[in-house]
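Structure first, commentary second.
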Amino acid sequence: MTSVAVLGTGIMGAGMTRSLLREGHDVAVWNRSPEKAEPLADDGATVADSAAAAVAGADLVVTMLFDIEPVLSVMADVAEAWPSGAVWAQSSTVGVEGTRRVEAFARERGIDVLDAPVLGTKAPAENGKLVFLVSGPAALREKVAGPFDAMGTRTQWVSETLGDASKLKLAVNAWIGAMVNGVAQSVALARGLGLDPQQFLDAVEGQAVDSPYLQLKGGAMLSGDFTPSFDVDGVIKDTELIRDAMTEAGTATTLADAIADRLSAASAAGHGEDDMAAVVHAYGS
Ligand code: NAP
């Protein structure tokens, strides 16, 4: 049993907390808006009234916040009270430059940190089925293995160089952004040409070009159920991180630019807090 503090109990942090509790870990939680943390008390979490109180006595502190600014500001609040020997798993998606800032923050304060972004969305977080991408010192692996196994089905140790896991996370999310926009484009095209777009999903079903994700997001586009697993504004944030990384890497941003453009149009039309499948509204459908 590990004492874990989860800072940030939004869509992902709440699910990860429940997965930790199910596997018998002791979990303290804190969230800026307390109403998102309070229900976790029914699952057995200790709901703290400050981030510093949540980390007291923790062996592992997980940050699952929107982006780098809240990560650093919340960590600044807890750094003074950092429990001796505790490991910080930074799981929010903060990109390449964000992870450099995480590394500098931790180095200055002597905090052991792992770059530990996750793959998977709301349901995998709730069901302990995330994939952890992790980079950082191998010496910390043993300390985090139990809780990571509780929250995920697999941990991919990317390298010992902090930041490599966040780089890989951006490559994966670039693919996800392209996929969901590709599905939206075909749904809108089929509909715009006067077809029932369900026929697009039926045509590819079971073929090499099909995927569970295509059927999931295409199904949401057709049903109009945009209950967020990952919202449009979150994908816009990630797409900015991806474009910054592409510029640094010297690779073409053409597709990412178009994706950002369509996501921004969906957000401007009032879909920022809807699931990313709502980007279909920005394709004229
Ligand atoms: P979310 O539901 O929007 O939660 C965001 C969290 O960040 C909330 O706890 C929010 O607190 C907190 N926050 C935002 N600004 C803050 C600030 N200035 N100070 C303190 N706390 C602040 O988002 P999510 O989907 O759980 O995503 C969390 C992270 O995981 C993001 O980095 C996201 O990119 C990443 N991620 C998401 C998914 C996914 O599918 N959803 C998958 C993998 C990774 P309040 O409740 O007070 O607003």
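The values are calculated or read from the model by the stated rules, or taken from the named source; none is laboratory data. Just so it is clear, the structure is predicted and the values come from calculations on it, not from any experiment. Ideal geometry is used to build each Cβ from the backbone, glycine not excepted, and the neighbour counts take in all protein chains shown. We work out accessible area using only protein heavy atoms, side chains counted, and drop any ligands, DNA or RNA first. Shrake-Rupley method; radii C 1.70, N 1.55, O 1.52, S 1.80 Å.
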Residue hits (the range 15-47; open to solvent by 10 Å² or more (accessible area, probe 1.4 Å), touching a residue at least 60 places away in the same chain (Cβ under 8 Å) and part of a helix (DSSP H, G or I)) are Arg18, Arg22
Matching residues in the range 220-242 - criterion: being open to solvent by 30 Å² or more (accessible area, probe 1.4 Å), modelled with pLDDT of 95 or more and hydroxyl-bearing (Ser, Thr, Tyr): Ser223, Thr227
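Please work out if Leu140 is more than 12 Å from the ligand (Cβ to nearest atom), open to solvent by less than 60 Å² (accessible area, probe 1.4 Å), more than 27 Å from Met276 (Cα to Cα) and not in a helix (DSSP H, G or I).
Numbers: more than 12 Å from the ligand (Cβ to nearest atom): yes; open to solvent by less than 60 Å² (accessible area, probe 1.4 Å): yes; more than 27 Å from Met276 (Cα to Cα): yes; not in a helix (DSSP H, G or I): no.
In short, no.
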Within the range 34-49, is even one residue in contact with an Asp or Glu (Cβ under 8 Å, 6 or more places away or on another chain), near the ligand (Cβ under 9 Å from one of its atoms) and within 25 Å of Leu241 (Cβ to Cβ)? no
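Residue-wise test of (1) of a type in the set (Ser, Thr, Tyr); (2) outside the structural domain of Val131 (by TED's automatic domain parsing); (3) closer than 14 Å to Gly163 by Cβ.
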position	(1), (2), (3)
Pro70	no, no, no
Val78	no, no, no
Ser84	yes, no, no
Thr93	yes, no, yes
Val102	no, no, yes
Phe105	no, no, yes
Asp112	no, no, no
When the residues of the range 84-107 are narrowed to those that are open to solvent by less than 10 Å² (accessible area, probe 1.4 Å) and part of a loop (DSSP other than H, G, I, E, B), which ends up farthest from the ligand (Cβ to nearest atom)? Ala86
If you go through the range 251-268 one residue at a time, how many are open to solvent by 70 Å² or more (accessible area, probe 1.4 Å) and small (Gly, Ala, Ser)? 2
When every residue in the range 66-83 that is part of a helix (DSSP H, G or I) and not hydrophobic (A, V, I, L, M, F, W, C) is compared, the one most open to solvent (accessible area, probe 1.4 Å) is Glu80
What number of residues in the range 108-122 are within 16 Å of Arg154 (Cβ to Cβ) and either open to solvent by less than 30 Å² (accessible area, probe 1.4 Å) or at pLDDT 95 or above (or both)? 6
For the range 1-19, name all the residues that are more than 15 Å from the ligand (Cβ to nearest atom), modelled with pLDDT of 95 or more and among the aliphatic types (A, V, I, L, M). Val4
Would you be able to say whether some residue in the range 199-209 is surrounded by 19 or more Cβ atoms within 10 Å (Cβ to Cβ) and not acidic (Asp, Glu)? yes
